[in-house]
Amino acid sequence: LSVAVSFGISWYFFDSLWQLDGGALFLILCLSTVTCMATGLGAAWQVMKARPVQLLGQGYSK
């Protein structure tokens, strides 16, 4: 969807169409995946290091 919108914007505003570069597209796909994975790992790191007994023993306080 974002590629189609970018293609339309370049045609409408600049009167020229860009060429789709497969290498750059693959690089963006891989880097965005790695960035999302690293963000998720960083957010969950403390919970992953904790022992299950600690996690179960905390419970919910109201």
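Relative to the compact-globule scaling 2.2 N^0.38 Å, provide the ratio for the alpha-carbon radius of gyration of segment 21-62. Show your work: numbers first, answer last.
Values: Rg = 17.5 Å, N = 42, 2.2 N^0.38 = 9.1 Å.
It is 1.92.
With each run of n ≥ 4 DSSP H residues scored as -39500 (n - 2.57), what mean residue ellipticity at 222 nm is computed for the chain after dividing by its residue count and rounding to the nearest 500 deg cm²/dmol? Intermediate results must be reported in sequence, preceding the final value.
Numbers: 3 runs with 48 residues, N = 62.
One gets -25500 deg cm²/dmol as the mean residue ellipticity at 222 nm.
Any read-out appearing in this document is the output of simple, stated calculations on the displayed coordinates, not a laboratory observation. Note that the coordinates shown come from a computational prediction; the quantities given were computed from them, not determined experimentally.
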